[in-house]
Amino acid sequence: MAKVFKEKESTDCDSKRLHFDLKEMTEFTHKELHNFVSKRTSKFFERFKISSDFIARDPANWNSLHDYQHGLTVVRNFTVVNDIAERGVNLIEEYNNIITHDEEQKQYLLQVVKDYRSHFPSCPKHSL
């Protein structure tokens, strides 16, 4: 894996998301760790100030290495946040409380929006 880490060029684009169809899922689930390692992987280690020296060692001994333990601690403390979804929920909650506090009026407003969307299913902003 150390050789792959230093020599293998990345074959994917710079996208942060994986795009594949369901047919490729079986192939994807059978891949090993070394299939995801390339020269670009070093950027991950640099970004989070994790030493990559342990990669040149036998993986069976990684648990006893300080560099590996430190990297493992850093990665386990990552907080994964779906920022777009959280912003959307927050926006709707604020909007919901600003318009009306009466539940009946909220339900009526939702029905109006639903009706509007059924009449104008694809209405780009520039055409309004």
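Output yes when any residue across segment 64-73 is touching a residue at least 24 places away in the same chain (Cβ under 8 Å), assigned by the TED database to the domain that holds R47 and either under 30 Å from E46 (Cα atoms) or out of contact with any Pro (no Cβ under 8 Å at 6 or more places or on another chain) (or both), and no when none is. Looking for residues that are touching a residue at least 24 places away in the same chain (Cβ under 8 Å), assigned by the TED database to the domain that holds R47 and either under 30 Å from E46 (Cα atoms) or out of contact with any Pro (no Cβ under 8 Å at 6 or more places or on another chain) (or both), one finds at least one in segment 64-73, hence yes. Checking K49, K43 one by one, the residue that is among the basic types (K, R) and either loosely packed, with under 10 Cβ neighbours inside 10 Å or in contact (Cβ under 8 Å) with a residue 12 or more places away in the chain (or both) is K49 and no other. Listed by position, the helices (runs of 4 or more DSSP H) contained in segment 30-128 that have at least 1 residues being in contact with a Ser or Thr (Cβ under 9 Å, 6 or more places away or on another chain) and modelled with pLDDT under 85 are 103-119.
The values are calculated or read from the model by the stated rules, or taken from the named source; none is laboratory data. Predicted model, so just to flag it, every value in this text is computed and none were measured. A quick note on method: Cβ atoms are made from the backbone with ideal geometry, for glycine too, and the neighbour counts reach across all protein chains shown.
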